[in-house]
Amino acid sequence: MARHLITSALPYINGIKHLGNLVGSQLPADLFARYMRARGNEVLFLCATDEHGTPAELAAAKAGKDVADYCAEMHGVQTKIADGFRLSFDHYGRSSSAENHALTQHFAGRLADMGLIREVSEKMVYSNADGRFLPDRYIEGTCPNCGFESARGDQCDNCTKQLDPTDLINPYSTISGSTDLEERETKHLFLCQSQMREKLQAWIDSKGDWPILTTSIANKWLNDGDGLQDRGITRDLDWGVPVKKGGEDWPGMEGKVFYVWFDAPIEYIACAQEWVAAEKGTDWERWWRTDKGADDVTYTQFMGKDNVPFHTLSFPATILGSEEPWKAVDYIKSFNYLNYDGGQFSTSRGRGVFMDQALEILPSDYWRWWLLSHAPESSDSEFTWENFQQSVNKDLADVLGNFVSRVTKFCRSKFGEVVPAGGELGETEQALIAELTTRMRSYEDHMTAMEVRKSAQELRAIWVAGNEYLQTAAPWSTFKTDPEKAAAQIRLALNLIRFYAVISAPFIPDASETLMAAMQTEDTNWPDDVAAALETLQPGHPFAVPDVTFRKISDDEREEWQEKFAGKRKS
Ligand SMILES: [Zn+2]
């Protein structure tokens with residue numbers, strides 16, 4: 001039994017994510033976690049909400065709430081939606097947890113001890129009326145380029161010009177509206193990533209099995225221009241992990257917090273501590289400390305491509321720089337973007353389907369199947385309603401759903417609701433078993449390699465093989481001349497339903513459960529031996545005809561949803 005630590009990139013706390021976010025990390029991570037568990041491996045699958053930083057403060061202010069309350073509430077919302085999509089996290093943590101506070105402070109202190117932190121004085125905008133420094137997004141003014149009156153401190157939304165807060169004409173605080181602003185010196189901590197360059201390069205070079213896309217992004221950041229740059233790890237904000245050196249105060253850093261990019265990935269580790277605190281597990285160190293049992297763990301991270309630099313360089317700089325025996329990532333699975341119906345998903349314009357809306361119109365398996373079978377792996381992919389309708393109606397309703405319905409209903413009408421006895425498997429059946437065996441080994445190889453689309457294609461081909469067999473064997477015709485043979489055919493077909501339930505569970509867990517319940521079995525053993533697996537349900541074993549497993553999407557529904565999710569027109 002192998003041990004797999006699996007993490008999904010942490011979704012940011014401010015709002016509900018769209019389907020593109022879901023398929024970019026959490027959903028494929030769940031597929032892999034479910035598969036690894038199904039094969040008998042020990043799995044720890046972790047994810048958490050990323051809660052610190054200015055966007056959380058701004059979203060809370062917009063909602064008229066205290067930022068801590070806002071984050072607690074949104075964590076609840078995101079947890080419920082994750083459950084709705086059957087994301088099987090062993091723990092869904094929070095980067096604002098006490099565990100992450102302590103661990104972030106520990107890492108900062110340790111990195112300082114290793115000579116990897118330096119103090120830098122910077123000039124930043126201070127608001128006298130608000131009594132605080134203002135991050136870029138808290139300052140607005142007139143754009144020097146186009147005259148737009150509400151240009152932000154980092155960018156003008158009207159002409160898209162990148163700005164510094166000092167470029168703005170008549171700048172004001174977006175908190176109080178005050179124009180009483182001045183530049184003040186403030187001290188910040190920088191992580192000396194430049195000192196870590198050779199160590200990181202050697203580590204990246206040791207990852208011979210990583211995709212070129214991943215290593216080339218890392219190498220670009222390591223070597224382009226002046227090479228990897230030192231990076232600020234603190235901010236003048238209230239909301240975040242207070243800057244401390246381990247458990248001790250950090251002179252000169254009072255009232256400051258760690259920058260969200262520094263504390264968020266540390267939550268991958270802290271989340272395992274939260275998992276223990278929540279009494280779901282007993283020993284987090286055997287997953288994360290190579291001196292305490294984690295040396296045989298395989299650690300896989302899932303993320304969108306925009307997160308790759310961060311996970312190949314910034315977080316490893318923290319881990320490797322500490323020179324403590326932390327488990328570092330073994331494999332990074334990254335994804336391109338999912339686009340929406342001829343454009344992009346847009347949170348601000350409400351364009352595209354968001355996770356809560358998706359569950360309101362159809363059960364999660366429909367979405368899971370489409371998203372995973374169209375995962376943006378080698379390039380960006382696109383969601384269209386036509387494609388979604390076609391995929392659901394064909395793959396799920398016509399192929400899988402129809403097979404289950406025909407087999408169980410036919411058996412009930414001719415043999416009753418039990419697995420029929422009698423008859424022998426013939427050549428057609430042996431050919432089917434041979435095909436399924438070949439396809440199963442290929443399916444397993446793709447799943448192990450995290451080739452999501454190829455896995456889905458192979459699974460679909462396995463469903464199709466059953467349908468084609470049913471068409472060829474035609475037990476309803478056989479029954480008229482040779483009822484014994486028809487019994488053998490239908491016995492095989494009933495066993496195929498259990499077989500499908502077991503192997504499809506990583507993709508469509510709810511349908512799988514429904515099928516297992518209908519077949520009245522809890523035997524989820526993986527079919528290492530296909531022929532033997534197709535004899536699991538013995539003659540006389542009872543079953544029930546399930547309700548419709550997958551319904552079809554009508555043209556009217558498709559048109560209605562297309563209209564509904566098109567987004568508000570930009571005025
Ligand atoms: Zn402008």
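The numbers here are math on the coordinates, done by the rules we state, and not lab data. Not measured: the values here are computed from a predicted model. Because the Cβ atoms are built from the backbone with ideal geometry, glycine has one as well, and the counts that use them run over all protein chains shown.
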What is the distance in Å between the Cα centroid of the range 473-517 and that of the range 355-381?
27
Counting each DSSP H run of 4 or more residues in the chain as -39500 (n - 2.57), what helix-only mean residue ellipticity at 222 nm follows after dividing by all residues, to the nearest 500 deg cm²/dmol?
-13000 deg cm²/dmol
Helix axis angle, 212-223 relative to the chain longest principal axis, alpha carbon, degrees:
10
Value in Å of the Kirkwood radius, where the chain supplies the Cα pairs that are averaged
26.5
Gained length - Gln430 relative to Asn219, 0.36 nm times residue gap less alpha-carbon distance
70.8 nm
Can you give me the long-range amide H partners of Arg94? Hydrogens built in the peptide plane at 1.01 Å from N, cutoff under 5 Å, separation of 5 or more residues or another chain.
Thr49
Counting DSSP beta bridges with both partners in the chain, what percentage is antiparallel, nearest 5?
55
For the range 117-266, what does the alpha-carbon gyration tensor say about shape, rounded, prolate or oblate, given a ≥ b ≥ c as the root eigenvalues, a/c under 1.5 as rounded, and a/b over b/c as prolate?
oblate
Quick check: from the Cα gyration tensor, does the range 431-516 come out rounded (a/c under 1.5), prolate or oblate?
prolate
Work out the FRET efficiency for Ala474 and Ala98 from their Cβ-Cβ distance, taking R0 = 51 Å, and round it to the nearest 0.05.
0.20
For the range 193-345, divide the Cα radius of gyration by the Kirkwood radius and give the resulting Rg/Rh value with two decimals.
0.99
Dipole magnitude of the chain about its Cα centre, charges +1 at Lys/Arg Cβ and -1 at Asp/Glu Cβ only, in debye to the nearest 20?
860
Assuming a viscosity of 1.306 mPa s and a temperature of 10 °C, what translational diffusion coefficient in µm² per second does Stokes-Einstein assign to the range 507-550, Rh being the Kirkwood radius over Cα pairs?
137
Of the convex hull enclosing the alpha-carbon atoms of the range 85-170, the direction-averaged projected area in nm² is 10.5
Across 10 Å bins from 0, what is the distribution of all Cα-Cα pair distances for the range 171-233, in whole percents?
18, 31, 19, 16, 14, 2
Working out 0.36 nm times the residue gap between Glu185 and Ala2, then minus their Cα-Cα distance, what length gain in nm do you get to one decimal?
60.6 nm
Considering the Cα trace of the range 305-374, what is its radius of gyration and what is Dmax, both in angstroms?
17.7, 50
Residue-span extension gain [Asn387 to Gln155] - 0.36 nm each, minus C-alpha spacing
79.8 nm
Order of 209-215, 172-178, 191-197, 93-99 by packing, highest average Cβ count within 10 Å first?
93-99, 191-197, 172-178, 209-215
Antiparallel DSSP bridges in the range 280-437: what percent, to the nearest 5?
25
For the pair Ser442 and Asp296, the simple spin-label estimate (label points 7 Å beyond Cα toward Cβ) gives in nm 3.4
